[in-house]
Amino acid sequence: MRSTTPTTPQAVRRLPLAAPLRLGRPSDIWFKPALSVVAAVAPPNLLLVALGRLDLAMYTMAGSLCALYAHNRPYAARAKALVWVVLGMLAGLAVALVAASLTTNAVVLVAVGSVLAAAQKALCDATRIGPPGHVILIFVSSAALFMPQTLGQVPGHLALAAVAGVWAWLVGMAPVLLRPHGPERRATAQALRSAAASAETAGAGTE
């Protein structure tokens, strides 16, 4: 009679990419950047539709997208951060538009875009501006590089972006009227939850 030996299940090897691809818990304020950018984008673009100049939406969108930033900061720090985001957006847009007005050579424009992207990434990392980081800045400046442009049009297009950027700043700061200490309270509550979870883990480990 043939004897059978129990087989041991083989250990399942986890792929090294499992951790980065695992979905994390969403932020407590995940909806605020989305609502803010809708409020920042809609009025300028609706005005352009009413004027029959939706072709200028690229420039107002550049300023409006600044409303995505700094939602996790107290309002005093948020005000300063949003100013720098708007200025950074305008600077990158200005370089891109001037380059687009001076040449249509794709190699030159790609080279300019690469230098801009590197500078924007370095500045966002250095200032720790937070999500969405350099992604939006690079997206806007890269698109602007290939917009048909003349040098005389650049100041007007930058003015449109600046006005939309001021509106985005106001949208980002508007919640201070309702909850002036909201970001600090959220940060405190999150710290308390983390401390409680850490205490529970430590207590379970000592049992």
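Average accessible surface for the range 114-178: 56 Å² per residue, computed with a 1.4 Å probe over protein heavy atoms with every protein chain in place. Just so you know, the Cα atoms of the range 71-177 work out to an Rg and Dmax of 14.8, 49 Å. Taking 0.36 nm per intervening residue step and subtracting the Cα-Cα distance, what contour gain separates Thr103 from Ala34 on full extension? So the extension gain works out to 21.3 nm. When nucleic acids and ligands are ignored and a 1.4 Å probe is applied, Ser142 ends up with an accessible area of around 50 Å².
The values are calculated or read from the model by the stated rules, or taken from the named source; none is laboratory data. The structure displayed is predicted, hence computed values, not measured ones. Each accessible area value is taken on the protein alone, full model and side chains, heavy atoms only, with ligands, DNA and RNA left out. Shrake-Rupley method; radii C 1.70, N 1.55, O 1.52, S 1.80 Å.
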